[in-house]
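This report concerns only the one structure given below.
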Amino acid sequence: MAGLGACLGVITLMARIWGSRIELNANNLTVVNPVLTYKIPYGAVKEVRGGGGASLNMALDDGGEVYSTAFGGSVIDGFVNSSGRAAEVVRKTVKERRGRSGGSVERRLTHPIPSTCCLVGSIACWVAAGVLGV
């Protein structure tokens, strides 16, 4: 039981990391990180930073900053420049759509259903292993 719980826990962690992304919607951009999701109106974005192996993040008008786990920068990114290409797309989109929307940044917990189910299963297996002594 403990082994199954451990496997489900690893699946939960990996699914949350692999589910990280940036969505460019009509009125806002959404940054989905493993634990928190940020819904940012284009008008609230002051600057898009990143590229060249650095992590992609959005500096906000209120002085805050939102980091993207999906484009966190790495050694490999230094060769393929995925965060730089993503930063250029986000910069272009923010510039085009900046006047469309204003407002404040919404922050909420990320709830991917498959990952949450694996987490519940993992906890159940660990509890069962503790009760059964396995």
Practice item. Tally the residues that are open to solvent by 60 Å² or more (accessible area, probe 1.4 Å), out of contact with any strand residue (DSSP E or B) (no Cβ under 7 Å at 6 or more places or on another chain) and more than 20 Å from Gly19 (Cβ to Cβ), restricting the search to the stretch 60-80. Key: 5
Study note, to complete from the structure: Among (1) farther than 30 Å from Cys117 by Cβ; (2) open to solvent by 70 Å² or more (accessible area, probe 1.4 Å), Val35 falls short only on (1)
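Which one is nearest to Ile123 (Cα to Cα), of the residues in the stretch 1-12 that are surrounded by 13 or more Cβ atoms within 10 Å (Cβ to Cβ), out of contact with any Leu (no Cβ under 8 Å at 6 or more places or on another chain) and modelled with pLDDT of 90 or more?
Of the residues in the stretch 1-12, the ones surrounded by 13 or more Cβ atoms within 10 Å (Cβ to Cβ) are 1-2, 4-9, 11-12.
Next cut, out of contact with any Leu (no Cβ under 8 Å at 6 or more places or on another chain) only: 2, 4-7, 11.
Still in the running and modelled with pLDDT of 90 or more: 4-7, 11.
Numbers: Leu4: 10, Gly5: 7, Ala6: 9, Cys7: 11, Ile11: 13 Å.
Looking at residues that are surrounded by 13 or more Cβ atoms within 10 Å (Cβ to Cβ), out of contact with any Leu (no Cβ under 8 Å at 6 or more places or on another chain) and modelled with pLDDT of 90 or more, I get Gly5.
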Practice item. Note down all Cβ pairs under 6 Å where the first residue falls in the stretch 86-111 and is without any contact (Cβ under 8 Å) to a residue 60 or more places away in the chain, the second is of a type in the set (A, V, I, L, M) and open to solvent by less than 60 Å² (accessible area, probe 1.4 Å), and they're at least six residues apart or on different chains. Key: Ala87/Val48; Ala87/Leu56; Arg91/Val48
Review point. Tell me, which residue of the stretch 97-116 that is modelled with pLDDT of 85 or more and in a helix (DSSP H, G or I) is least open to solvent (accessible area, probe 1.4 Å)?
Key: Ser115
Check your understanding: Within the stretch 49-59, is even one residue of a type outside the set (Gly, Ala, Ser) and over 20 Å from Gly19 (Cβ atoms)?
Key -> yes
Exercise for review: For the stretch 82-90, indicate whether the set of residues that are at positive phi and open to solvent by less than 40 Å² (accessible area, probe 1.4 Å) is non-empty.
Suggested key: no
Review point. Inside the stretch 54-103, can you point out the residues that are touching a Ser or Thr at 6+ places or on another chain (Cβ under 7 Å) and over 16 Å from Asn28 (Cα atoms)?
Key: Ala54, Ser55, Leu56, Thr69, Ala70, Phe71, Gly72, Gly73, Asp77, Ser83
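The values are calculated or read from the model by the stated rules, or taken from the named source; none is laboratory data. These figures come from a predicted structure and were not determined experimentally. No Cβ is skipped: glycine too gets one built from the backbone with ideal geometry, and neighbour counts run over all protein chains shown. Remember, those area values only see protein heavy atoms, side chains included, never the ligands or the DNA or RNA. Shrake-Rupley method; radii C 1.70, N 1.55, O 1.52, S 1.80 Å.
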